[in-house]
Amino acid sequence: TFMESEVKNPVLRKDLYEKMVKLCPGAPTPEEREQQAITKLRYMQFREEESSTAEYGFRIEALRVSGESPTTNLKKVKTMAQIENVLCKFIKNQDSVRWKFHSRLKQIKEKFESSSFLMSHQIIGSSILFMFDEMGNTGAWMIDFSKTVPLPQGKTLTHRDDWALGNGEDGYLYGVDSLIKIFENLECSKSDSRNIHAPNNQHDG
């Protein structure tokens, strides 16, 4: 979710510490409480841990269902149960839509893995846009490539390995793998309205 160049500065920042405390008062370590400051890397990783990003490699950024206002306060959707609740409401508990998205994600993964361009670039802060309509037409597209950067000549990434400063890994395929598994195992009750509080939904997400 961030470029390495954004977090290389080791300077301790009071403003980021204050943001962390505001979001989660119990998050700082004893040392951080004493310093009253944290690095930008620490803050960015903290934000990832507050959502599903750290565990599953993706987060639900925004959702909209036809006839409703867009919902963007989804950054704390973290657990599998929360993810499933959001997705079931989004697809309106339609099993056919679920399997179409599952198939499209598998296609994206296969095309990604066979692309010399994508395997030799960092894909940072990218998104997948999901859409469907009342006729059952579905689609999912890779979007947002402003932070896609080439690797040194001859170098490739797995897009699945854990990130460490300097290795360039972005976790893109790790996130896609997680989504494929979630859609494959997703069970939505047709009688369950999935009335969720923070997570609301769209017809595009």
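Who wins for biggest fluctuation among Leu63, Leu186, Leu87 in a Gaussian network model of the chain, springs between alpha carbons below 10 Å?
Leu186
If you count only protein heavy atoms and use a 1.4 Å probe, how large is the accessible surface of Val77, to the nearest 10 Å²?
10
Modelled label-to-label distance, Ser66 and Val7, 7 Å Cα→beta-carbon offset: nm?
Taking the simple label geometry, Ser66 and Val7 are separated by 4.0 nm.
Give me the number: length gained by fully extending Leu165 to Lys111, i.e. 0.36 nm times residue separation minus the C-alpha to C-alpha distance, one decimal in nm.
Result: 16.7 nm gained on full extension.
Can you give me the long-range amide H partners of Ile124? Hydrogens built in the peptide plane at 1.01 Å from N, cutoff under 5 Å, separation of 5 or more residues or another chain.
Lys147, Thr148, Val149
Please list the three semi-axes, largest first and in whole Å, of the ellipsoid equivalent to the stretch 1-65, using sqrt of 5 times the eigenvalues of its alpha carbon gyration tensor.
After diagonalising the Cα gyration tensor, the semi-axes are 23, 15, 10 Å.
Using a 1.4 angstrom probe on the protein heavy atoms only, line up Leu74, Leu165 by accessible area, largest first.
Leu165, Leu74
Name the aspartates and glutamates eligible as straight-distance cross-link partners of Lys111: C-alpha to C-alpha under 15 Å, and not fewer than 8 places from it in the same chain.
Output for Lys111: Asp177.
Using only the Cα atoms, what convex hull volume per residue in Å³ does the stretch 54-109 have?
Taking the convex hull of the Cα positions in the stretch 54-109, it is 97 Å³ per residue.
With a Förster radius of 41 Å, plug the Cβ-Cβ distance of Asp133 and Lys14 into 1/(1 + (r/R0)^6) and report the FRET value to the nearest 0.05.
Rounded to the nearest 0.05, the efficiency is 0.25.
Taking loop as defined by DSSP and a crowding limit of 12 other beta carbons within 10 Å, which trypsin sites (Lys or Arg not before Pro) in the stretch 143-188 fit?
Lys155
With a 4.7 Å Cβ cut-off, tell me which Cys residues in the chain come up empty for a partner.
Cysteines lacking a close Cβ partner in the chain: Cys24.
Take every Cα-Cα distance within the chain, group them into 10 Å bins from 0 onward, and report for each bin the whole-number percent of pairs it holds.
Once binned at 10 Å, the Cα pair distances of the chain give 8, 31, 32, 21, 7, 0.
Which value, in Å² and to the nearest 10, is the accessible area of Ser115 when all protein chains are kept and the probe is 1.4 Å?
My reading of the accessible area for Ser115 is about 30 Å².
Longer than 20 Å from Cα to Cα, which of Lys100/Lys181; Lys40/Lys147; Lys106/Lys181; Lys106/Lys147; Lys8/Lys109; Lys89/Lys147 are they? Say none if no pair is.
Violating the 20 Å Cα-Cα cut-off are Lys106/Lys147; Lys8/Lys109; Lys89/Lys147.
With θ set to phi - 60°, apply the Karplus curve 6.51 cos²θ - 1.76 cosθ + 1.60 along the stretch 116-128 and write out the HN-Hα couplings as whole Hz, x wherever there is a Gly or Pro.
Calculated HN-Hα couplings, in order: 5, 5, 5, 6, 10, 10, 7, 10, 9, x, 7, 9, 10 Hz.
What longest region of the chain stays clear of GluC sites (Glu not before Pro) that DSSP places outside H, G, I, E and B and that have at most 10 other Cβ atoms within 10 Å?
The answer is 1-133.
Express the accessible area of the stretch 1-130 per residue in Å², computed with a 1.4 Å probe while the remaining protein chains stay in the model.
Per-residue accessible area for the stretch 1-130 comes out at 54 Å².
Considering only protein heavy atoms and a probe of 1.4 Å, how much of the accessible area of the chain is carbon and sulfur, as a whole percent?
51
The values are calculated or read from the model by the stated rules, or taken from the named source; none is laboratory data. Because the structure is predicted, anything quoted here is derived from the model rather than measured. So basically every Cβ, Gly included, is an ideal-geometry build from the backbone, and we count neighbours across all protein chains shown. These area figures cover heavy atoms from the full protein model, side chains too; ligands, DNA and RNA do not enter into them. Shrake-Rupley method; radii C 1.70, N 1.55, O 1.52, S 1.80 Å.
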